[in-house]
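The values are calculated or read from the model by the stated rules, or taken from the named source; none is laboratory data. The model shown is predicted, which means the values in this text are computed figures rather than measured ones. FYI the Cβ positions are ideal-geometry reconstructions off the backbone, even for glycines, and counts take in every protein chain you see. Ligands, DNA and RNA are excluded from the accessible area calculation, which covers all protein heavy atoms including side chains. Shrake-Rupley method; radii C 1.70, N 1.55, O 1.52, S 1.80 Å.
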Amino acid sequence: MSPELGHLAVIAALCLSFFQAVIPMVGSFVGHRSWMRLGHSLALGQFVFLGLAFVCLISVFIQDDFSVAYVANNSNTLLPLHYKVSAVWGAHEGSLLLWTLILAGWSGAIALFSGHMPQTFSARVLSILGFISLGFLLFLLFTSNPFERLLPVSPIEGRDLNPLLQDFGLIVHPPMLYMGYVGSSVPFAFAIAALIGGQFDSAWARWSRPWINTSWVFLTLGISLGSWWAYYELGWGGWWFWDPVENASFMPWLMSTALVHSVAATEKRGVFRSWTLLLAILSFSLSLLGAFLVRSGILTSVHSFANDPERGIFILWFLVIVVGASLLLFAIRSPQMANSTTHRGWSRETILLVNNVLLVTSTATIFIGTLYPLFSDVFQLGKISVGAPYFNFFFVPLMIILMLALGFAGFTRWGSTDVNLLLRRGLFPGLLSFFIALLVPALLTDSSSGSSYSFTAGITLFVSAWVLFMTIEDIYLKSRGSWINAKRFTCSYWGMVIAHIGLAACALGVGMSSSYDEQRDLRMMPGDAVKISDYEFRFGGVNRVDNANFVAFRGEVSVTDKTGMTINLFPEKRNYKAGGQVMTEAAIDASLARDLYVSLGEPLQGEAWAVRLQIKPLVRFIWLGSVLIGFGGLLAAFDKRYRRRKKLLDGQSNRGGLAFE
Amino acid sequence: MNKFAVFAPLALFLGLSMILFLGLDKDPSILPSALVDKEFPEFDLMALDDEHRQITREELLGDVTLVNVWASWCYACSVEHNMLNKLSDRGVKIVGLNYKDQVEDAMLWLENLGDPFVYSVSDIRGRLGLDLGVYGAPETFLVDAQGIIRYRRVGVIDERVWRNEFRDLYAELLVEAQ
Amino acid sequence: MKRLLLVYTLLFFSIAFGLDDLVEFSDPLLRERYDQLTWELRCPKCQNQNLADSNSPISLDLKDEIHHLLERGLSNQEIKSHLTSRYSDFILYRPQVNKTTSILWGSPILILFIGGWLVFRLSRRSNELKQENLKSEMDKQRLKNLLDSGTIE
């Protein structure tokens, strides 16, 4: 019963999405109020039906109903309950249902919180979201139906969820990531609605900013979770591989970051209008492109879903229609939106422009690097690979320049800024950062291991310290040294401060863990010990442990630091019963200062094992920094002035300009 | 943005779409061989069935040969083996390269599934495989009479693959050899 | 005498606690190069992994080969050539710089320069006329917004 109910619910949602795509849009042109209002109910209705479908899919998994093909391919009676639930979005079809559900969720949220926007505008936004929904639901029903049955002969046992996915990470990462990925369709819808209506001003910016910021926060956290998950799950200590699937989520993030900054200028000064619109369109386009790259099999990746060119064609056509039409609309309509360039010299506008150019260049680089192997293959230029060396070569310097510019940001003024002022502001923090960059790596050189001054560490320290000190200086000067003044700063300002500090922390983690990472691959017998840096690692041998759906070979490694404190780590090598896969479970002792990372390699002769031991200084800063970035964004999104809208509307002031500030 | 620059994103996007459409037909995991039109590497390996006999590259000269990389631990090789038997019956000269295998296991395997090979060389450490750029069995190299590699296939050969990828080139090379 | 005893004791302990690295090198510099090479080279068979992180049979063979070639004294470039002549450029994660990859290596720099030029262009002082046009545009927009927003019906 459940699968059929779920299936019907999806079909119902499809019908609703069709009406949602058409009726409010038509209503907005004709001036039909009730048609425009219908969009809101349709969006909420879609959410209800897709929610129902989702619940049905979950219940089908819990019941071990292997007559449903998707369950048979991704679950197993031995699978623990919480993984049965998260297996719902563990593969292509189910994750697509999650996508449509989240899209309906965002649309529903618009329906509920758009009271302060003109009706024509919100009607058009919902229609556009409805159209996107329509596309995805058609894709789901026709090529990737999670409710497809295996009848009349159903398997008695499922093929099991990929062991790599039987993990906490699967429970949190995809939902969070999709909230951001799908959330980028909201700014997109706002932009298209503005282009259709031919009206675009700082009111638009003010309506859209909370949505832009919030979806960006989700994407930030989603990517961060993915990186953290890969780190502890894959077993080798890496946290970013420039894999096509990772890049597919990173590119929208970079564009969204540029958008977050561009729309700030549009709201405050009415500038960068075309840029903001274009960035909103491109962020979502990259998100759609990402979905295509991941699900079509066109690029090789550890993370991609099963290859299916038929699905690829469908998404590609959808991509071409949606993005093509948007960019065409943009080309035709945006010149009408007068773009004033009243700034000059080293103004805040210039700095934001620099920020955006760097982010767009980074995105373009990652884009070219990711797609070049395909390009080369299609044009018979041979099969090549583009990997970390290429991406790091360009991305790192670009980010360094960005962070240098970031330091100055707080001191720039709209319109124009005195360069000398900027240099004066930068002098002391610059010197301090330079001093730290010289001193710390010098102190950290370890003459016994023959290491020398690390330039990458020096540059990292300079750039991170620079951002931190310049931000602190900005707070100090703006509050005139008084904490009472500082408490009156807006959420928007504090959000920016926290996000920028988060970036500095993240960069610190990246740079320091790369510079001072210590790794040894050893052949160890029970009782063997080795000293790496200030730690002694002692191998205690391996025992066999039986679990519900896998057999584990559990090693014991005790680590003693220079104070004599010992911790025990238990890395595992797991053989999964259902599918026979072998997995490496690393054992990690995490702390702010360093991670101790221990994993088992292969069993060698006798009782010996290959063991990989790693010390990773400050690696936690990477994820803590990105959480700070997300938190900063959230703070900024909930700034009072976005919530003050209703009040201003009600209490009519003589300013007459609810549209302008 | 000026009047024409605004169309740039659209133009670039349409270009990209075409590339993506074309790309859907490609398989990103198949490597091209770096050795096409190059000489078959030098080697000096023991024959599988006769430990006193050493075989070198010299023996490949003079005939158009199929060199098939196989192993007893390779499941796909057993799937392909019937096709090789058929080809051998049709007169195609096939040389086996027993890749990273144990001699006894390999001999037993051939006993059970048939031996289409004129002879097999025993590449226990996989050194010849490495020189050939082998990354997964089964692989098959088409070598002409001068000992130049003309084509490499990664994966099982069946009737369709033989027809589409090998047959014509093989015929051509036979004529050349005359 | 005491010093000799100390030396012998240290020697004894270093042997007793001597562990084998999985891959032994005669020179620590070789190990550094080994780590660099295995990070830069791709496993031919895996789903996008470098040799360092991969334990598939072909990766182990290739790592062995690299080790062997390093001990024989070949340079990094020679080792890469040795491998690409067998496995093609596909195994290089750092693409070659040649005519084929000119777009790949050149575009980011080009885009950065275009962006920089754009920033420069846009920060120059705009002319007064644009300001006037903007003011009247803004007035028109304001009226439109008031009408659209529904506060004036």
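Brief remarks follow.
- In terms of distances greater than 21 angstrom between alpha carbons, the cross-link table entries A:577/A:616; A:268/B:3; A:573/C:80; A:531/A:616; B:93/C:45; A:383/C:99 yield A:577/A:616; A:268/B:3; A:573/C:80; B:93/C:45.
- Residues of the range A:5-27 with amide N under 19 Å of the 7 Å Cα→Cβ point at residue A:62: A:5-7, A:9
- Burial of accessible area (probe 1.4 Å, heavy atoms of protein chains only) in the range C:61-91, relative to its chain alone, reaches at least 20 Å² for C:61, C:65, C:85, C:86, C:87, C:88, C:89, C:90.
- Calculated FRET efficiency, residue B:37 to residue A:171, Cβ-Cβ distance, R0 = 60 Å: about 0.70 to the nearest 0.05.
- In terms of its C-alpha gyration tensor, the range C:21-97 comes out oblate, because a/c is 1.5 or above while a/b does not outweigh b/c.
- Three-way shape call for the range A:518-620 based on the alpha-carbon gyration tensor, with the a/c threshold at 1.5: prolate
- Expected 222 nm ellipticity per residue - DSSP helices of 4 or more, -39500 (n - 2.57), all of chain B, to 500: -10000 deg cm²/dmol
- Taking 7 Å steps out from each Cα toward its Cβ at residue A:48 and residue C:98 produces label points 6.4 nm apart.
- Within a straight-line Cα-Cα reach of under 12 Å, residue A:84 can be paired with the following aspartates and glutamates, leaving aside sequence neighbours fewer than 8 residues apart in one chain: A:64, A:65, A:160, A:167.
- R0 of 25 Å, Cβ-Cβ distance residue C:143-residue A:336: FRET efficiency to nearest 0.05: 0.95
- Entry note, chain A: the mean residue ellipticity at 222 nm calculated from DSSP H runs of n ≥ 4, each adding -39500 (n - 2.57), is -21500 deg cm²/dmol after division by the residues and rounding to the nearest 500.
- Chain B: DSSP helices with Cα axial extent of at least 20 Å and average Kyte-Doolittle hydropathy no lower than 1.0: B:8-23
- Interface of B with C. Using a 1.4 Å probe and counting protein heavy atoms only, the two chains hide about 1200 Å² of accessible surface, both sides summed.
- Look at the Cα gyration tensor of chain A: its axes a ≥ b ≥ c give a/c of at least 1.5 with a/b at or below b/c, and that counts as oblate.
- Pairwise label distance in nanometres, residue B:176 with residue C:31, each label 7 Å out on the Cα-Cβ vector: 4.9 nm
- The stretch between residue A:32 and residue A:380 holds 119.8 nm of extra length on full extension. This uses 0.36 nm per residue minus the Cα-Cα distance.
- A simple spin-label model places the labels of residue A:328 and residue A:565 6.5 nm from each other, with each point 7 Å out along Cα-to-Cβ.
- The residues A:473, B:139, A:157, sorted by heavy-atom accessible surface at 1.4 Å with ligands and nucleic acids left out, run A:157, A:473, B:139 from largest to smallest.
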